[in-house]
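K.L.:
Below are the structure tokens for one structure; questions will follow.
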Amino acid sequence: MQILIIGSGGREHALAWKCAQDINVKNVYVAPGNAGTALECKVKNVPIEPSNQQLLLDFCNTRGIDLVIIGPEAPLVEGLADFLGAQGVPTFGPSQHAAQLEGSKTFAKEFFAKYHIPTAAFVTCHNLESAKQYLTTAKMPIVVKADGLAAGKGVIICNNYEEAEAACVDIFEARAFGDAGNKVVIEEFLTGEEASFIAVVSGNSIIPLATSQDHKAVGDNDEGLNTGGMGAYSPAPIITDSLHQKVMEQVMLPTMTGLINEGAPYLGFLYAGLMIENGQIKVLEFNCRFGDPETQPIMMRLQSSLVELCLAAINNKLDSHHISWSPQHACGVVLAAKGYPQDYQKGHPVKIADIQNHGTKLFHAGTTEEKGIIKTNGGRVFCMTALGENLATARKNAYNAISTVDFDGMFYRSDIGAKGLKND
Ligand code: AMP
Ligand code: GLY
């Protein structure tokens, strides 16, 4: 089989690495990929951007691609899955309509309200005046969110009226997020602990994947600016069996049937970002794709075939499909470039020594290769991921292996997985 993965981050490296392990897979192409995907056995990078739908289609036709997995949200929100699917290319990823769950916060919040999915109380504002008026009576702290995709930066947590007003001025007047800020969601600030719940969905069938927990803030103890995610581990003990059942009943199943009702049945990875407090769950957001960095530890634990799972979903055979997991725990620590999530430098050469431990894997994210030298090319540069018989060992293995990597300005959080130890 010939597989094409779309994207270039750590998530796509992990997906490509996993697909390449399948004995039925001859080649895995990654468009455009990174320096790490280029180094994998059976994996080749293809210099096509995820936004170039026609070139991707031509590539699929020329190479006889049997499965496309779309990694990031932007091409999904732009309708790549519809475009390739309409031409008969087996494509794993939601339609443009269904991807609005991530692509538009107002779409998502109105959907939650309509289908009684628990979430923070909210209002939608279409201009600065109405936002300011709402804020005068709102309880603080409060959360201001740009409606559209903003590369993880469109959520602003505000402690008082002045901060909230400034956030709205930034979005509506200074156009900080361009058209993504044509509308704003203002919502109640939630407290509790976050977890990621990711499933494979195909119409009215669903297979939940292993649970995980991300670490969104840049610094230890969840301090500092929000990032795309500084590390993740799986399983997440905070999702107990009874909470798992609650998430399925209150969030995943109503979303799945709600989307069918809206004429937008889902196909792909469906990711609910949850806030959990005293056994109660609320949805912070939906993503229409796998999480990054959650993919890295989760793929380390998936024992059955990812290719077969995606094909079963595409071919409406998810109900009779079974997947299996390693009982081991996995922990992934993101190695980031100085300055991230704000401005950071690119182009620093990276030194990587061999990792001796079989259960440890360095997934690349923001890397590129120039004349045989691997250089940094993004804010999140790597995710060092390791298995262990329990979370403590998985963490130890991941942190120990970090000494095999070095680049100018490298930093990472030292407490990835610490919350899981507390909940274990
Ligand atoms: P989102 O993109 O909506 O998931 O927001 C990104 C991050 O902002 C989340 O992972 C939370 O850490 C935080 N966040 C978003 N909405 C809220 C909220 N209503 N209350 C507290 N924190 C929030
Ligand atoms: N790790 C969070 C995300 O993928 O959105």
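K.L.:
For the chain, what proportion of DSSP beta bridges, expressed in % and rounded to the nearest 5, is antiparallel?
P.N.:
Rounded to the nearest five, the antiparallel share is 80 percent.
K.L.:
Another question, if that's okay. For the range 52-64, what does the Karplus curve 6.51 cos²θ - 1.76 cosθ + 1.60, with θ = phi - 60°, yield as ³J(HN,Hα) per residue in whole Hz, taken in order and with x for Gly and Pro?
P.N.:
After applying 6.51 cos²θ - 1.76 cosθ + 1.60, I find 8, 4, 5, 5, 5, 4, 4, 4, 4, 5, 5, 8, x Hz.
K.L.:
Let me ask something else about it. Amide H to amide H under 5 Å from residue 97: which residues, 5+ apart in sequence or cross-chain, H placed 1.01 Å off N in plane?
P.N.:
none
K.L.:
Identify, among 276, 164, 306, the residue whose Cα sits farthest towards the positive end of the charge dipole of the chain, taking +1 on the Cβ of Lys and Arg and -1 on the Cβ of Asp and Glu, with the dipole about the Cα centre.
P.N.:
Highest projection toward the positive end goes to 306.
K.L.:
List the residues whose amide H sits under 5 Å from the amide H of residue 5, counting only those 5 or more places along or on another chain, with H placed 1.01 Å from N in the peptide plane.
P.N.:
Counting only residues 5 or more places away or on other chains, the set is 29, 30, 31, 69.
K.L.:
Looking at the range 174-272, which chymotrypsin sites (Phe, Trp or Tyr not before Pro) are in a loop (DSSP not H, G, I, E or B) and have at most 15 other Cβ atoms within 10 Å?
P.N.:
Here the sparse-neighbourhood loop sites are 189.
K.L.:
Show me, for the range 341-348, the HN-Hα J-couplings you get by feeding each phi into the Karplus relation (A = 6.51, B = -1.76, C = 1.60, θ = phi - 60°), rounded to Hz, glycine and proline as x.
P.N.:
Per-residue couplings from phi come out as x, 8, 4, 9, 8, 10, x, 6 Hz.
K.L.:
Explain nothing, just compute: Karplus ³J(HN,Hα) = 6.51 cos²θ - 1.76 cosθ + 1.60, θ = phi - 60°, for every residue of the range 379-392 in order, whole Hz, x for Gly and Pro.
P.N.:
x, 9, 8, 9, 9, 7, 10, 9, 8, x, 5, 9, 5, 4
K.L.:
I'd like to compare 413-422, 295-304, 254-263, 329-338: which one has the highest average count of other Cβ atoms within 10 Å, and what's the full order after that?
P.N.:
The densest-packed peptide leads the list: 329-338, 295-304, 413-422, 254-263.
K.L.:
Quick one: which residues, 5 or more positions from residue 214 or on another chain, have an amide H under 5 Å from its amide H? H modelled 1.01 Å from N in the peptide plane, none for Pro or chain starts.
P.N.:
196
K.L.:
Over the chain, what percent of the accessible surface lies on carbon and sulfur atoms, probe 1.4 Å?
P.N.:
Solvent-exposed carbon and sulfur of the chain make up 48 percent of the total.
K.L.:
State the Cα centre-to-centre distance between the range 1-44 and the range 290-345 in whole Å.
P.N.:
13
K.L.:
Taking the Cα centre of the chain as origin and charging only Cβ (+1 Lys, Arg; -1 Asp, Glu), how large is the dipole, in debye to the nearest 20?
P.N.:
The dipole of the chain has a size of about 760 debye.
K.L.:
Cross-link candidates for residue 18: which lysines have Cα within less than 18 Å, leaving aside residues fewer than 8 places away along the same chain?
P.N.:
Output for residue 18: 26, 42, 44, 361.
K.L.:
Taking the Cα centre of the range 1-80 as origin, work out the dipole magnitude from +1 charges on Lys and Arg Cβ and -1 charges on Asp and Glu Cβ, in debye rounded to 20.
P.N.:
Here the size comes out at about 280 debye.
K.L.:
Right, next: Run through the range 1-90 and list the GluC sites (Glu not before Pro) located in a DSSP loop whose Cβ has at most 14 other Cβ atoms within 10 Å. Write out the running numbers ahead of the final one.
P.N.:
Details: sites: 12, 40, 73, 78; in loops: 40, 78.
Answer in residue order: no site qualifies.
K.L.:
Also, quick follow-up: Over the chain, average the accessible area per residue using a 1.4 Å probe and give it in Å², no decimals.
P.N.:
41
K.L.:
Taking springs between alpha-carbon atoms closer than 10 angstrom, which of 327, 208, 293 fluctuates most in the Gaussian network model of the chain?
P.N.:
Ranking 327, 208, 293 by mean-square fluctuation puts 327 first.
K.L.:
Run through the range 79-184 and list the GluC sites (Glu not before Pro) located in a DSSP loop whose Cβ has at most 12 other Cβ atoms within 10 Å.
P.N.:
Loop-located and lightly packed - 173.
K.L.:
A follow-up question, please. Which one, 131, 83, 39, projects farthest toward the positive side of the charge dipole computed for the range 1-137 from Cβ point charges (K/R +1, D/E -1)?
P.N.:
39
K.L.:
Please give the Cα centre distance for the range 376-391 versus the range 106-160, rounded to the nearest Å.
P.N.:
The range 376-391 and the range 106-160 have Cα centres separated by 32 Å.
The values are calculated or read from the model by the stated rules, or taken from the named source; none is laboratory data. Being a predicted model, the structure only gives us computed values, none of them experimental. Virtual Cβ from ideal backbone geometry, glycine too; neighbours counted across all protein chains shown. These area figures cover heavy atoms from the full protein model, side chains too; ligands, DNA and RNA do not enter into them. Shrake-Rupley method; radii C 1.70, N 1.55, O 1.52, S 1.80 Å.
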